[in-house]
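Report on the structure given below.
Values in this text are rule-based calculations from the coordinates and carry no lab data. The model shown is predicted, which means the values in this text are computed figures rather than measured ones. Cβ: placed from backbone, ideal geometry, glycine included. Neighbour counts: every protein chain shown.
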Amino acid sequence: MSTAQNKTQPRYGDGDTSFQAAGGQAGIRKLVDDFYDVMDQHTDADRIRKMHPRDLEESRDKLALFLCGWLGGPRLFREKYGPISIPQAHSHLRIDSADRDNWLMCMEEALKLQPYAEDFKQYMLIQLAVPAERCRTVD
Ligand code: HEM
């Protein structure tokens, strides 16, 4: 049963609602910068940090542009870097369930630093768990 609020307010996932809730491109860049800063500093993330290049500039740019499109905004990753399949982009890496969980932990910590609505932070984590699981390449 839908409530009056559900009728008047677009839901996350509708159109570009999520992109807007994340603060557009600038908000998403801030989220991704905080995400990689957490990964850089958190001991539990050492293993996944070491999978990345020393210089994270391109990694930051790629994840931010990817998330813009993934959240229903402009498909900026495709425009700049071409088409991408997330599982394929990770298939050369040895990612186990602990790595997946540590990636999501970095995102959870980065989300805490954003001025987003609490329900949107929850939504993001639940949604990101899906591609994160698809990046896992070993048990
Ligand atoms: C499950 C845990 C994950 C780990 C450990 C991980 C790790 C990595 C690493 C190490 C790279 C750089 C690869 C390289 O330079 O060769 C990368 C690239 C990337 N990752 Fe992830 N990732 C994870 C999940 C995700 C998720 C859930 C998303 C999207 C929602 C994502 C989006 C990207 C994108 C867009 C790139 C750039 C791909 C390219 O170079 O074209 N990753 N990831």
Q.
Greater than 19 Å separation of Cα atoms is the criterion. Which listed pairs, LYS30/LYS112; LYS30/LYS62; LYS30/LYS50, meet it?
A. LYS30/LYS50
Q.
As a footprinting exposure proxy, order PHE66, PHE35 by other Cβ within 10 Å, with the fewest listed first.
A. PHE66, PHE35
Q: Quick one: angle between helix 118-135 and the longest Cα principal axis of the chain, in degrees between 0 and 90, rounded to 10, please.
A: 40
(Q) Give me the tail of P(r) for region 12-93 as a percent: Cα-Cα pairs with distance above 23 Å. (A) 25
Q.
For a quick check: sort SER59, SER97, SER85 by the number of other beta carbons within 10 angstrom, fewest at the front.
A. SER85, SER97, SER59
Q. What is the calculated FRET efficiency for ARG47 to GLN122, with r their C-beta to C-beta distance and R₀ = 25 Å, to the nearest 0.05?
A. 0.40
Q) Exposure proxy check: GLU57, GLU108 ranked by fewest other beta carbons within 10 Å? A) GLU57, GLU108
Q. Taking only Cα atoms, what is the 0 to 90° angle, nearest 10, from helix 24-41's long axis to the longest principal axis of the chain?
A. 40
